[in-house]
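See below for the structure under consideration.
The values are calculated or read from the model by the stated rules, or taken from the named source; none is laboratory data. Because the structure is a prediction, the values reported are computed rather than measured. Cβ placement follows ideal geometry from the backbone for every residue including glycine, while neighbour counts extend to all protein chains displayed. Calculation scope for accessible area: heavy atoms of the full protein, side chains included, ligands and nucleic acids excluded. Shrake-Rupley method; radii C 1.70, N 1.55, O 1.52, S 1.80 Å.
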Amino acid sequence: MRLPSYRRSLVPFVAAVALLATAGSAVSTAAESCGSIITAPLNRPVSADDPCPSTDPVVCRIRVLPMDEKVEAQRTRMQYHGLLEDMHRTEANMREAGASEEEIARELVDMRNQAKEITRAGMTPAEVRILEERNIAKYGNPLGPTADQLYAKYGSWEKVTDASMRTSYAVDRELSLEYRPCPV
């Protein structure tokens with residue numbers, strides 16, 4: 001059976017509208033996503049002889065990892081982002097319970113340091129050494145700054161709280177990730 005000409009043109013039109021509606025909902029879903037977002041395929045490893053464009057030794061190390069190790073590093077980073085989500089929930093719960101800004105900041109700095117320990121447990125000793133050397137040189141502590149060091153740097157407990165829940169944009173980008181805090 002042959003369709004009338006207006007129906008033959010209507011079918012592709014309806015299909016196009018349906019496709020656009022599906023694409024539109026996918027875009028809105030992507031815009032509403034939170035947590036670890038994979039932004040692109042991982043970059044292929046580069047030669048260790050290639051100059052690193054970053055001043056962050058962690059980024060420079062990630063660039064040369066074999067692909068299987070890079071994939072594992074991305075998974076580890078996503079786990080770390082999950083731990084940051086726990087921190088956001090803890091902050092909300094502490095605020096609701098009436099905790100002071102200092103109490104919240106100190107708890108979150110401790111949680112961040114615990115998150116670092118947890119995620120480093122899945123890393124090679126060489127990878128952990130690179131991270132710890134950087135932190136010892138910068139903060140005198142293998143896990144990073146203490147709550148008091150952050151307070152001295154930022155001058156308020158609110159800013160310490162904010163700093164404790166940040167993630168390294170450069171490391172995330174190198175692992176083709178973006179971190180977006182989820183609503184609590």
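Tabulated values for the structure
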read-out	value
Qualifying residue in region 105-116 (condition: open to solvent by 50 Å² or more (accessible area, probe 1.4 Å) and over 23 Å from ALA152 (Cβ atoms))	no
Members of region 73-104 found to be among the charged types (D, E, K, R) and open to solvent by 80 Å² or more (accessible area, probe 1.4 Å), listed by number	ARG75, ARG89, ARG95, GLU96, GLU103
Selection status of ILE130, part of a helix (DSSP H, G or I), under 23 Å from TRP157 (Cα atoms) and open to solvent by less than 80 Å² (accessible area, probe 1.4 Å)	no
